[in-house]
Amino acid sequence: MSSGQSIFVSDAPISDPAHDRFNRLWFAKRVAQTISARRDPSSLVVAIYGAWGDGKTTVLNFIGKELKSLPDIVALSFNPWRFASERSLLHNFFTSFAKSLESALTTRAEEAAKRVMRYGELVQLFCSGAGDAPNTEDEGLAATDIEEQKRGIAGILAQNRKKVVILIDDIDRLDESAMQAVFRLTKLTADIENTVYVLAFDAEMVASVIGERFTASIGKRSQAGRDFLEKIVQVPLDLPAVSTAALRRFVFESVTEALNVAKVEITDTDESQFHRLFHEGLEIRLKTPRMAKRFGNALSFTLAINKGEVNEVEMMLVEGIRIFYPNAYVAIKRSRDILATSGVMNGVDLDRDDRVRRFFSAALKGLTTAEANALHKLLAVLFPRIVGRARFEPNEEAEWAKARRVTSAEYFDRYFSYALPSKDQPGNPAVHRPLSLQ
């Protein structure tokens, strides 16, 4: 990559399969093709489960793009997050549904659209909070009309040999009332023949929120919510995990680009050190594409802002701690007295061991044993004062300052303030070659 090219990676989901960096396209294609190949006309609800930042929206975009290329599919993408009330959500959903049929069907398209809009009006009778219901003298008659409209819509779809696939995203971003509205909508409309819903959300988060409706016990909410989801979702699919190798590749490419933009060159020794410490201390916490993007974007700023003011390898590792171990990052910022100074002016600092223990307790809070061990190793390299001896010779302190290390009292603050430029700035080295992916 040429020097100076912007590398800031948007956290927005990807729509173009050509930009699939994490090998999710195969999964999306299989889901779309399986839906298309299904011969049973009964309605179906498929859910794509994944944590925040795991790439659900990107996969849903890929599924939608693949579905739109299939002749027997009418694909409708709907995002409920855009609507402030249940009334507007329902109105916009059925309007979009009707327009999709009107433009996609070759036979009885106008009739299908009218039936969908009528169906939407009737559904509002059974969705509390939707606003003023249509004028009907008898809800029993409305229920009968609903069945008639459902049969009519299904018959028109069968005649056109079409299947409607409705993709709904961002359910886990909604508040409780909006979330319940989406599931009410799904439950009331998902039994129209030749329709399929594909929902994408964080199952645990949604289960916890939905569970509040069924139990006051906090400890039982998730299970109550999961029981509810099982009644709605017929096919639960966990998003395929992104391989560690793919995430690592993305991170190392981002590091290379960040170095190029900042016009910073590191030595082979520095590169080897970064590889080793990233693998030993940070990689265990690299779980999602969003985390990889955040790390790359963080480096693109901090390396440029701190150019010539810090040790670049240690700056990258400190930023890694900020992204992957936020509790530890806060603890580091608050512990300058033990991390960047000896803490002993005259005599012996009898309280130092206790402060070091308190630092590690705060830094390692909430981590698994493996994560805590990995972070401990990384902290021991970055801050040698907190392992072994607390006092170091003046020549050792001078070497740390010369190398602009984070453990140096002279440079520690520059890793966190981004506002302490030195008098002499270095020149602009050549573009850095790509980091090895080994």
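The values are calculated or read from the model by the stated rules, or taken from the named source; none is laboratory data. If you're wondering where the values come from, they're calculated on a predicted model, not measured in any experiment. Cβ atoms come from the backbone with ideal geometry, glycine included; neighbour counts cover every protein chain shown.
Whether a residue is in the same structural domain as VAL31 (by TED's automatic domain parsing), surrounded by 15 or more Cβ atoms within 10 Å (Cβ to Cβ), over 24 Å from VAL31 (Cβ atoms) and among the charged types (D, E, K, R) was assessed, and ASP170 does not pass this test.
Restricting attention to segment 184-215, which residues are modelled with pLDDT of 90 or more, more than 19 Å from the chain's Cα centre (by Cα) and under 28 Å from GLY53 (Cβ atoms)? Answer for segment 184-215, where residues must be modelled with pLDDT of 90 or more, more than 19 Å from the chain's Cα centre (by Cα) and under 28 Å from GLY53 (Cβ atoms): VAL196, TYR197. If you go through segment 260-282 and keep only what is part of a loop (DSSP other than H, G, I, E, B) and either outside the structural domain of ARG249 (by TED's automatic domain parsing) or not basic (Lys, Arg) (or both), you end up with VAL264, GLU265, ILE266, THR267. Checked against (1) modelled with pLDDT of 90 or more; (2) surrounded by 14 or more Cβ atoms within 10 Å (Cβ to Cβ); (3) not acidic (Asp, Glu), ARG161 passes all but a single condition, namely (2). Kindly check whether there is at least one residue in segment 203-224 that is among the hydroxyl-bearing types (Ser, Thr, Tyr) and in contact with a Lys or Arg (Cβ under 8 Å, 6 or more places away or on another chain). Within segment 203-224, one or more residues are among the hydroxyl-bearing types (Ser, Thr, Tyr) and in contact with a Lys or Arg (Cβ under 8 Å, 6 or more places away or on another chain).
The set of residues in segment 217-244 that are more than 23 Å from VAL182 (Cβ to Cβ) and touching a residue at least 12 places away in the same chain (Cβ under 8 Å) comprises PRO240, VAL242, SER243, THR244.
In segment 108-138, the residue that is modelled with the lowest pLDDT out of those that are surrounded by 13 or more Cβ atoms within 10 Å (Cβ to Cβ) and more than 16 Å from HIS91 (Cα to Cα) is THR136.
For segment 211-219, indicate whether the set of residues that are surrounded by 20 or more Cβ atoms within 10 Å (Cβ to Cβ) and in a helix (DSSP H, G or I) is non-empty. Yes, because at least one residue in segment 211-219 is surrounded by 20 or more Cβ atoms within 10 Å (Cβ to Cβ) and in a helix (DSSP H, G or I).
On the basis of being outside any loop (DSSP other than H, G, I, E, B) and at pLDDT below 90, does GLN180 make the cut? Spelling it out, GLN180 is indeed outside any loop (DSSP other than H, G, I, E, B) and at pLDDT below 90. Screening ASN194 on (1) at negative phi; (2) in the same structural domain as LYS150 (by TED's automatic domain parsing) shows it passes everything except condition (1).
Scanning segment 365-387 for residues that are under 27 Å from the mean Cα position of the chain (by Cα) and either farther than 15 Å from LEU339 by Cβ or without any contact (Cβ under 8 Å) to a residue 12 or more places away in the chain (or both) returns LYS365, GLY366, LEU367, THR368, THR369, ALA370, GLU371, ALA372, ASN373, ALA374. Restricting to segment 385-396, and then to whatever is surrounded by fewer than 17 Cβ atoms within 10 Å (Cβ to Cβ) and part of a helix (DSSP H, G or I), can you tell me which residue is modelled with the lowest pLDDT? Looking at the filtered set, the residue picked out is PRO394.
Checking each residue in segment 232-248 for being surrounded by fewer than 16 Cβ atoms within 10 Å (Cβ to Cβ), modelled with pLDDT of 90 or more and either in a helix (DSSP H, G or I) or among the acidic types (Asp, Glu) (or both) picks out only ASP238.
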